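Student: The structure is given below, and queries will be raised subsequently.
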Amino acid sequence: MLMRNSVLSFEEIRPYRDEEVKAVMARLSQKHSFKILLQYFFPGQSIEDIEKGLMEVESSADFQDKYISKAIRRMKEESTQDLSHEGFEHIDKNQSYFYISNHRDIILDPGFLNFLLHREGFETTQNAIGDNLLVSALVTDLMKMNKSFIVHRSVERKDMLSYSQRLSAYVYEVLESGQSIWMAQRNGRAKDGNDHTNPALLKMLNLSGAGKIDENFLQLNLTPMAISYEFEPCDMLKAEELVHQRLGLPYEKDDKVAMIRGIRDPKGRVHLKIGKSIAEKIRYIPTGGRINDYFKSLANLIDREIWALYKLWPNNFIAYDLIEGKDQFWNFYSKEKKQGFLDYMENKLKGSKGEPKMLKEQFLLIYANPLRNKLEADLGLY
């Protein structure tokens, strides 16, 4: 096990430091694409005003306050009917948290969390992002300015352990500095609506813990979070990719397109709920057996916590009844809601790539699986 007093360089993965911000802003201010992007989010400002504002940014927190929070607010206003939240009474401004979350949208999952944290007077989190999302120098700069650290996914097998050790050590360092972290419960989005924690993530987190396995996870202060979209971001793109995978057919996905579609497409209502730290529950996981059994037990605990926090919408009940061929949950939606969802699905199917029957089934599963998980875990519907 790696001790955290080992000398590790975090240069390849860390976000920008405040002393680097001026140089980054100077670089960004020269990019025409960045100015166009800011004009989209701040239509009332001239390019001259934007350039002046950029050069006055002093820190990542300053950038988030002046630009990111306002950009997220505009995304919220243009693509959602409402953004509601619960659970902020469970967190303390003087503590650091490891928010372990379901993952449905590349930008908006951590974006909405940090928008709400900022609005409620909490410090924003550092966010784990896959290196596959760094599709351009501009995106890389924006992500690192927005307190994102990088998770390398395309790593050769021989290098996997060293990369994992470095990432694990970085997580502990951030939390010990008093900052909080947002990280998805698995690599990539849950494209089928089925939120499950990958035990490999937990193995990585344990690598640089200095104590016993339960002590390491207690130190992390794992705090579950769930974000629930009434209309799943990129739902048909996800269905297309999954159908191609099922048929063993090649599918060329475009993360840049997914980011843009996720931001712009209507999402209806969105609900974000933070749970209580699971530290006390971790104490009851047996540690005397095989270590892999411990990781599986902890993953199952996190799954149940996230499923319990997930807010079900009428679309979830409608999709479940359509998949099952019943009217079991008819009292959770109206005829008008059902017809609206059917019309929405049929509109999405037009021009989509794949076998229509399989696409429809996969599309419905995206919405039905959150309800299936609650039912199978006997968690109640709310």
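Student: For ASP65, put the label point 7 Å out on the Cα→Cβ axis and report which residues of the stretch 130-162 keep their amide N under 17 Å from it.
Tutor: 146-147
Student: Using a probe radius of 1.4 Å on heavy atoms only, what accessible surface per residue do you get for the stretch 250-369? Whole Å² is fine.
Tutor: With all protein chains present, the stretch 250-369 gives 55 Å² per residue.
Student: Follow-up. Could you work out how much longer the chain between ASN198 and GLN30 gets when fully extended? Use 0.36 nm per residue separation minus the Cα distance between them, nm to one decimal.
Tutor: Fully extending the segment from ASN198 to GLN30 adds 56.4 nm.
Student: With charges only on Cβ, +1 for K and R and -1 for D and E, what is the dipole size of the stretch 24-181 about its Cα centre, in debye, rounded to 20?
Tutor: I would put it at about 500 debye.
Student: What is the percent of Cα-Cα separations in the stretch 260-382 that go past 21 Å?
Tutor: Of all Cα-Cα pairs in the stretch 260-382, 53 percent lie more than 21 Å apart.
Student: Let me ask something additional. State the percentage of accessible surface on the chain attributable to carbon and sulfur atoms; use a 1.4 Å probe and exclude ligands, DNA and RNA.
Tutor: Using a 1.4 Å probe with all protein chains present, the chain comes out at 49 percent carbon and sulfur.
Student: Next question, about the same structure. Which Cα, out of HIS103, THR124, SER29, lies furthest along the positive dipole direction of the stretch 28-149 (beta carbon charges, K/R +1, D/E -1)?
Tutor: Looking along the dipole axis, the top candidate is SER29.
Student: Continuing with the same structure: Once you have a ≥ b ≥ c as the square roots of the Cα gyration tensor eigenvalues for the stretch 70-152, tell me rounded if a/c is under 1.5, and otherwise prolate or oblate according to whether a/b is larger than b/c.
Tutor: Taking the square roots of the gyration eigenvalues as a ≥ b ≥ c, the stretch 70-152 is oblate.
Student: Hey, another quick one. Enter the per residue convex hull volume of the stretch 1-153, computed from alpha-carbon coordinates, in Å³ rounded to the nearest integer.
Tutor: Cα-based convex hull of the stretch 1-153, divided per residue, equals 153 Å³.
Student: Run the dipole for the chain about the Cα centre, Lys and Arg Cβ at +1, Asp and Glu Cβ at -1, nothing else charged, and hand back the magnitude in debye, nearest 20.
Tutor: The calculation lands at about 580 debye.
Student: Nearest 5 is fine: what % of DSSP beta bridges in the stretch 75-191 come out antiparallel, could you say?
Tutor: Here the share of antiparallel DSSP bridges comes out near 0 percent.
Student: Under a GNM of the chain (C-alpha, springs under 10 Å), which listed residue has the highest mean-square fluctuation: ASN132, ASN114, ASN369?
Tutor: ASN132
Student: Next up: With Cβ to Cβ distances under 13 Å as the rule, what net charge do the other residues near GLU252 carry (K, R +1; D, E -1)?
Tutor: Net local charge, GLU252 excluded: -1.
Student: Suppose only helical runs count, i.e. DSSP H with n ≥ 4. What mean residue ellipticity at 222 nm does that imply for the chain under -39500 (n - 2.57) per run, divided by all residues and rounded to the nearest 500 deg cm²/dmol?
Tutor: Helix contribution divided over all residues of the chain: -15000 deg cm²/dmol.
Student: Give me the one-decimal nm value for the distance between modelled label points at ALA279 and SER154, 7 Å along each residue's Cα-to-Cβ direction.
Tutor: 4.0 nm
Student: Over the chain, consider all pairs of different Cα atoms and compute the Kirkwood hydrodynamic radius from their mean reciprocal separation; express it in Å, one decimal.
Tutor: 22.1 Å is the Kirkwood radius here.
Student: Please work out the average accessible area per residue across the stretch 43-153, using the 1.4 Å probe convention, and give it in Å².
Tutor: Ligands and nucleic acids excluded, the result is 41 Å² per residue.
Student: With the dipole of the chain worked out from charges on the C-beta (+1 for Lys and Arg, -1 for Asp and Glu) around the Cα centre, which of MET160, ALA137, SER177 lies farthest toward the positive end?
Tutor: With unit charges placed on the Cβ atoms, the residue in question is MET160.
Student: Sticking with this one: Along the positive direction of the dipole of the stretch 219-369 (beta-carbon charges: Lys, Arg +1; Asp, Glu -1; about the Cα centre), which of PRO266, GLY289, GLN328 reaches farthest?
Tutor: Among PRO266, GLY289, GLN328, the one farthest towards the positive end of the dipole of the stretch 219-369 is GLY289.
Student: For the chain, give the share of DSSP beta bridges that are antiparallel, in percent and rounded to the nearest 5; count only bridges with both residues there.
Tutor: Just about 20 percent of them are antiparallel.
Student: So for the stretch 182-290, what percent of the C-alpha to C-alpha distances run longer than 17 Å?
Tutor: Here the tail beyond 17 Å accounts for 67 percent of pairs.
The values are calculated or read from the model by the stated rules, or taken from the named source; none is laboratory data. Source: prediction; values computed, not measured. Using ideal geometry, Cβ is built from the backbone for each residue, glycine included, and neighbour counts are taken over all protein chains shown. Only protein heavy atoms, including side chains, enter the accessible area calculation; ligands, DNA and RNA are left aside. Shrake-Rupley method; radii C 1.70, N 1.55, O 1.52, S 1.80 Å.
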